[in-house]
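The values are calculated or read from the model by the stated rules, or taken from the named source; none is laboratory data. Source: prediction; values computed, not measured. Backbone-built Cβ (ideal geometry, glycine too); neighbour counts: all protein chains shown.
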């Protein structure tokens, strides 16, 4: 696949000597993703109310005979209008993010690159690819989920974000390739064993002691 030069440069800078690219793709650029759609829909009533409140406050301050700080009261609505406009522009930013994202699979790892000025690079080694799963849409595009990032918001509620190769064109093929790459992972070592010495009539016995890692 031919990808833009600025994305290719990101890949070239990340690869180790001798590392070979086996697959590369970019997400399907869409305005309305689940996240951007939710923000856009919530932004409609938010912005409408902010405009209504600010307009009403401006009308009231204009009709009032008083002067002073009351004239500046409508300015309190401007931050809410800006927040609403930010939510309404979420589809634009979603498409822009997709155009600056590239996914790569090499003979050693899977890599995702996201961002323009500040680029977030996530590398997934073979032993991190054992629990992947696929979500597929009716049009054949979909996601291959590799992991999940969790955090708590300002209210203390737990939030999470799925990480992996999102909105790609052939998720089934990519999943198969990732599982093949996962097969290169080193097997987990057995639990460490220690031995205690027991005295018996016939001599010395060694009793294994298993310690959890």
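Structure values in brief
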| item | result |
| --- | --- |
| Scan of segment 1-53 for residues that are closer than 17 Å to residue 86 by Cα and without any contact (Cβ under 8 Å) to a residue 40 or more places away in the chain, ordered by number | 34, 38, 41, 45, 48, 49, 50, 51 |
| Residue 142 being under 22 Å from residue 7 (Cβ atoms), crowded, with 16+ Cβ neighbours inside 10 Å, touching a residue at least 12 places away in the same chain (Cβ under 8 Å) and under 12 Å from the mean Cα position of the chain (by Cα) | no |
| Conditions (1) under 27 Å from residue 136 (Cβ atoms); (2) in a helix (DSSP H, G or I); number of the one not met by residue 31 | (2) |
| Qualifying residue in segment 104-111 (condition: surrounded by fewer than 18 Cβ atoms within 10 Å (Cβ to Cβ), in contact with a strand residue (DSSP E or B) (Cβ under 9 Å, 6 or more places away or on another chain) and free of Cβ contacts under 8 Å to residues at least 60 places away in the same chain) | no |
| Given (1) closer than 17 Å to residue 123 by Cβ; (2) more than 22 Å from the chain's Cα centre (by Cα); (3) in a helix (DSSP H, G or I), index of the condition residue 16 fails | (3) |
| Exclusive hit being at pLDDT 95 or above and in a helix (DSSP H, G or I), set 45, 79 | 45 |
| Count - residues of segment 118-153 that are within 20 Å of residue 97 (Cα to Cα) and either modelled with pLDDT under 90 or in a loop (DSSP other than H, G, I, E, B) (or both) | 5 |
| Members of segment 98-108 found to be at pLDDT 95 or above and either over 30 Å from residue 15 (Cα atoms) or assigned to a helix (DSSP H, G or I) (or both), listed by number | none |
| Hey, residue 95 in contact with a helix residue (DSSP H, G or I) (Cβ under 9 Å, 6 or more places away or on another chain) and either part of a loop (DSSP other than H, G, I, E, B) or closer than 26 Å to residue 181 by Cα (or both) or not | no |
| Filtered residue count, segment 154-169, keeping only those that are part of a loop (DSSP other than H, G, I, E, B), in contact with a strand residue (DSSP E or B) (Cβ under 9 Å, 6 or more places away or on another chain) and more than 21 Å from residue 97 (Cβ to Cβ) | 0 |
| Residue match in segment 53-76 (condition: out of contact with any strand residue (DSSP E or B) (no Cβ under 6 Å at 6 or more places or on another chain) and under 27 Å from residue 161 (Cα atoms)) | no |
| Residue match in segment 21-35 (condition: at positive phi and modelled with pLDDT of 90 or more) | no |
